[in-house]
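The values are calculated or read from the model by the stated rules, or taken from the named source; none is laboratory data. Predicted model only: the values in this text are computed from it and were never measured. Glycine also receives a Cβ, built like all others from the backbone with ideal geometry; neighbour counts cover every protein chain displayed. Surface areas here come from the heavy atoms of the whole protein model, side chains and all, with no ligands, DNA or RNA. Shrake-Rupley method; radii C 1.70, N 1.55, O 1.52, S 1.80 Å.
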Amino acid sequence: MSGAERTRGGTGSAVGGASAEGRAAPSRRRVLRLTGAGAAAGAGIVAGATGLPTGPGGERTAAAAERHRPAAPAVRPSGGVRRVVMFHMDSLHHEAPRRLGLRNVRRLAARGTTVRDALLIAPWHPTVSGYLPLSTTSFPNPTTFAGSLFVRPSHEQRYLQHGFAGFTAHIANSRAYRSLDPGFDFTRLDGDDTDEDNVRLALRLLREHSDLTFMRLVLQDTNDVSQQVANAPASEPWARDIYAHGSPYPAVVRRADALLGTFLDGLGQLGMLDDTLLVLLADGQSRLGWHPVQAEDSWRTPLVFAGPEVAKGATIPYAENIDIAPTVAALAGVPAPSDDGATGRVLTELRTGRHATAPRRVPRRIERLNRQIAEHLRLEGWLRAHAREFPYLDVQLMRAANAALSEAQFWSLDRIDEWPQAESLDRMLTDNDTALDFLRRALRDSGAPALR
């Protein structure tokens, strides 16, 4: 076992190396936060190991007790699914399969069901503030594997992998994903590895562990060139455009697609192709490079499900990243990781023969939340930029952040550790609309220039 590998019960750390998404290991400093406006009256966060919402005397609130009830035991997959592989092609733009002619993505799509419009929570990626105890990677990763927008500190959070009995493995060429390690038997997160190294290791583990039931396999090389495009000087003809002539992005993506083909061929040679549930996903990529949160294409991702009980060559119209875990759990017959007010839904419409019963109208809650976040970033920034000349704006910004003076506070990106206090995603959306209306009125009443 190398210094970058760990098996459950081993003596060393699981991680080593670095990547463009996680070059340096951040501090483990914990940050205490005050209770947000969406919490029950008098509730707060008690410092300590759990960080669970509690009442004034330290007792858990009823909602918190429900959210943190004992988890169902892990079980082996059933119903035709012997194993699940989450094949993560990092920084894969949602238009890349079509624009770059990704043959093996199309090959996988022919074996399963493609989501035409798959939405991610805004892929913000801080490594400071109250988010750090939750995750060391961008928002879509922990929320996807939790199956919910409400996530707890990574050492407490129940993820999709926790539902699988048998051998489980986590392979990525980036240390940034180390907060997703809990629940895996084997991890290798080494920034010195290549995408090819990862695929080779994944196939080796499948050969050597007949009881492997769940794997998260990440191809990370595309992230490096994505950030090159985002940060390139304006003199580069491909700066801020991953598809521009001379951009390094297409070649690396095509290599990742070829490795997907290698993996599919390897499954076939092992006799595992027909009883493996394989999910192709990514975690945010804009044409501008990397994943700026106000760029709407950063919110969109390729998403394909293929395997037992999944319709072949089909397309469904819409899904959200928090739908992935409950859907995988349902298809594999294992416990879902979450059941709270921000949990996704099971995509029953992708099952074989179920298209006739697909929901007629699906609420696009994450899309709505992302649009609220983007507007709030622009609106709050505009108010701050003009508050020196129009002090009324400073006063109203203070009111907006004070639960005693305004009806609701905005559930912003820097409050994701407090989002569970809202108790439901619908409550978050309602509060955000109220907070945005307050700021819009403040701008109108101030005499400052209108938002452009």
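Miscellaneous remarks
- Full-extension gain in nm, residue 441 to residue 401, via 0.36 nm per residue minus C-alpha separation: 12.9 nm
- If R0 equals 30 Å, the separation of the Cβ atoms of residue 364 and residue 230 corresponds to a calculated FRET efficiency of about 0.65.
- Calculated FRET value between residue 273 and residue 192, using beta carbons and R₀ = 30 Å, to 0.05: 0.50
- Cα pair distances in region 137-213, grouped into 10 Å bins until the bin that holds the longest one, percent each: 18, 47, 31, 4
- In this rough spin-label picture, where each label sits 7 Å from Cα along the Cβ direction, the residue 371-residue 211 distance is 5.0 nm.
- Dipole of region 97-203, positive end: most advanced residue of 151, 105, 167 [Cβ charges, Cα centre]: 105
- Dipole magnitude for region 296-407: computed about the Cα centre from +1 point charges on Lys and Arg Cβ and -1 point charges on Asp and Glu Cβ, it is near 340 debye.
- Two-decimal Rg to Rh for region 352-452 - Kirkwood Rh, Cα set: 1.12
- On full extension, the segment bounded by residue 76 and residue 452 gains 129.9 nm, given 0.36 nm per residue less the C-alpha separation.
- Model label points for residue 312 and residue 394, set 7 angstrom from Cα along the Cα-to-Cβ axis, are 6.8 nm apart.
- Whole-number accessible area per residue in Å² for region 311-382, which is evaluated in the context of all protein chains at 1.4 Å: 42 Å²
- Placing dummy labels 7 Å off each Cα toward the beta-carbon, the span from residue 204 to residue 243 is 3.8 nm.
- Other residues within the sphere of radius under 13 Å centred on the Cβ of residue 264, judged by their own Cβ, net out at +1 (K and R +1, D and E -1).
- Rounded to the nearest 20, the size of the Cβ-charge dipole of region 310-351 about its Cα centre is 240 debye, with Lys and Arg at +1 and Asp and Glu at -1.
- Low-density loop cleavage sites - GluC sites (Glu not before Pro) in region 349-440, where at most 13 other Cβ are within 10 Å (DSSP): 389, 407
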